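Quick notes on the structure that follows.
The values are calculated or read from the model by the stated rules, or taken from the named source; none is laboratory data. Note that the coordinates shown come from a computational prediction; the quantities given were computed from them, not determined experimentally. Cβ placement follows ideal geometry from the backbone for every residue including glycine, while neighbour counts extend to all protein chains displayed. Note: accessible area is taken over every heavy atom of the protein model, side chains too, but ligands, DNA and RNA are not part of it. Shrake-Rupley method; radii C 1.70, N 1.55, O 1.52, S 1.80 Å.
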Amino acid sequence: MLEKLNKIEKTALESLAAVTDEAALEAWRVANIGRSSPVMNVFSQMSGLSKEERPLVGQRANQVKTALEQAFAARAEVVKNAALSKSLQEERLDVTLPGRPARRGGLHPATVTLRRMLGILAEMGFQVYTSRDVETDEMNFQALNFPPHHPAREMQDSFYIEAGERGDNPLLMRTHTSPGQIRAMREFSGANPENPPSIRIALPGMCYRYEQITARSEVQFYQIEGLAVGENITYGDLKGTLADFARRMFGEHAKVRFRASYFPFTEPSAEMDVECFVCGGKGCAVCKNSGWLEILGSGMVHPNVLQNGGYDPRRYTGFAFGMGPQRMTMLQHRMNDIRYFWGNDIRFLEQF
Ligand code: DAH
């Protein structure tokens with residue numbers, strides 16, 4: 001029996017030395033110090049031993065059991081530490097590796113131009129005034145001197161929102177930023193009807209027209225409207241202001257010209273061209289060989305419009321202009337198709 005115990009101890013310790021992970025450790029525990037392990041079996045065989053042998057075997061069996069338990073505890077410690085340092089090693093973060101760069105978004109090219117134009121106008125003393133996208137027929141047309149059946153309405157086929165109920169003043173998506181002129185004038189004159197203050201505002205916003213979408217026209221587009229109203233404003237102020245704007249926008253040598261035009265809300269009306277910056281005025285595909293690029297509509301505010309805004313046309317005059325940031329962007333970047341703006345194609349957007 002003592003011989004057998006020595007052998008049990010030796011074999012068990014040998015096999016323990018080969019244990020390197022938690023699973024093998026547990027298997028070793030069950031096999032070598034568990035309830036039906038060889039050493040435990042020795043205890044259950046004690047009753048068959050002689051009186052002399054029994055204490056010797058019992059003592060030795062206890063020694064072996066304790067020795068195996070201690071060896072197990074020591075081994076368990078080693079295995080646990082090894083597992084810990086292994087996982088520390090494997091899961092270690094290399095903080096010296098270069099990071100993955102976050103993909104940065106950018107402003108939309110139309111927004112970039114819009115902000116640049118508003119920045120220039122702000123330097124020239126025009127404050128930003130925003131107005132609603134959903135307008136009434138009255139604001140979008142009638143107060144701007146378009147009578148109900150005026151042919152100029154054809155220029156702006158509109159998205160009506162509800163036709164029936166509001167009679168001849170239906171709601172529609174604004175077709176231009178000009179109704180903001182009336183809203184601004186009414187707001188300022190409403191606060192002081194006897195002595196309305198002078199006005200110098202820039203009115204940016206989205207406009208909507210019910211049109212065929214082509215390379216040259218979209219159903220929605222930005223406009224910036226300008227409005228100056230005061231007691232001694234002349235056509236000279238209009239020309240000086242817009243020529244100055246063109247120089248700030250396109251460079252100090254930018255040349256402009258005015259061509260007589262027609263808008264119901266201005267009289268006289270003019271369109272302004274800037275000398276083609278692609279060919280320097282010599283004539284090219286961008287300016288269609290004319291040497292000039294049309295960039296805005298403008299005019300002296302019509303007396304009826306001043307009146308509708310609460311400004312007495314016998315005392316006040318003013319000028320207004322309307323221009324398209326997207327058209328400016330197209331000219332500057334020689335874009336040939338307006339549909340790129342809202343096409344959401346990352347390859348287009350990334351170029352800016
Ligand atoms: N509202 C005009 C349009 O959308 C643009 C315009 C022309 C605005 C002349 C003005 C202006 O203020 O004076 O076509």
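With respect to residue 121, is the statement that it is in contact with a Gly (Cβ under 7 Å, 6 or more places away or on another chain) and either crowded, with 20+ Cβ neighbours inside 10 Å or assigned by TED's automatic domain parsing to the domain that holds residue 342 (or both) true?
Taking the combined requirement at face value, the residue satisfies it.
Tell me which residues, restricted to the stretch 311-329, are near the ligand (Cβ under 8 Å from one of its atoms) and open to solvent by less than 10 Å² (accessible area, probe 1.4 Å).
Passing the criteria: 319, 320, 321, 323.
(1) open to solvent by less than 30 Å² (accessible area, probe 1.4 Å); (2) assigned to a helix (DSSP H, G or I): which one isn't true of residue 240, the others all being true?
Result: residue 240 passes all but (1).
Name every residue in the stretch 207-237 that is over 27 Å from the mean Cα position of the chain (by Cα), open to solvent by less than 30 Å² (accessible area, probe 1.4 Å) and not small (Gly, Ala, Ser), in order of residue number.
Answer for the stretch 207-237, where residues must be over 27 Å from the mean Cα position of the chain (by Cα), open to solvent by less than 30 Å² (accessible area, probe 1.4 Å) and not small (Gly, Ala, Ser): 227, 229.
Which pairs do you get when a residue that is assigned by TED's automatic domain parsing to the domain that holds residue 219 and open to solvent by 100 Å² or more (accessible area, probe 1.4 Å), found in the stretch 154-169, comes within reach of a residue that is among the aromatic types (Phe, Trp, Tyr) and at pLDDT 70 or above, reach meaning Cβ atoms under 9 angstrom, with the pair 6+ apart or on two chains?
160/210
Looking at the stretch 77-117 only, could you name the residues that are in a helix (DSSP H, G or I), more than 24 Å from residue 325 (Cα to Cα) and either in contact with a helix residue (DSSP H, G or I) (Cβ under 7 Å, 6 or more places away or on another chain) or of a type in the set (Asp, Glu) (or both)?
Start the filter on the stretch 77-117 by keeping residues that are in a helix (DSSP H, G or I), which leaves 77-90, 109-117.
Now narrow it down to the ones that are more than 24 Å from residue 325 (Cα to Cα): 77-90.
If the condition is that a residue be in a helix (DSSP H, G or I), more than 24 Å from residue 325 (Cα to Cα) and either in contact with a helix residue (DSSP H, G or I) (Cβ under 7 Å, 6 or more places away or on another chain) or of a type in the set (Asp, Glu) (or both), then 77, 79, 83, 90 are the ones that fit.
Hey, does the stretch 249-259 have a residue that's outside any helix (DSSP H, G or I), within 16 Å of the ligand (Cβ to nearest atom) and open to solvent by less than 60 Å² (accessible area, probe 1.4 Å)?
Yes, some residue in the stretch 249-259 is outside any helix (DSSP H, G or I), within 16 Å of the ligand (Cβ to nearest atom) and open to solvent by less than 60 Å² (accessible area, probe 1.4 Å).
Only one of 308, 336, 304 is in the same structural domain as residue 183 (by TED's automatic domain parsing), within 16 Å of the ligand (Cβ to nearest atom), touching a residue at least 60 places away in the same chain (Cβ under 8 Å) and open to solvent by 60 Å² or more (accessible area, probe 1.4 Å); which?
On the way: 308 fails: open to solvent by 60 Å² or more (accessible area, probe 1.4 Å); 336 fails: within 16 Å of the ligand (Cβ to nearest atom).
Answer to the selection: 304.
For the stretch 15-31, indicate whether the set of residues that are surrounded by fewer than 16 Cβ atoms within 10 Å (Cβ to Cβ) and under 19 Å from residue 1 (Cβ atoms) is non-empty. So that I can check it myself, show each step before the final result.
Of the residues in the stretch 15-31, the ones surrounded by fewer than 16 Cβ atoms within 10 Å (Cβ to Cβ) are 15, 17-18, 20-24, 26-27, 30-31.
Going one step further and asking which of them are under 19 Å from residue 1 (Cβ atoms), we end up with none.
Among the residues of the stretch 15-31, not one is surrounded by fewer than 16 Cβ atoms within 10 Å (Cβ to Cβ) and under 19 Å from residue 1 (Cβ atoms), which makes the answer no.
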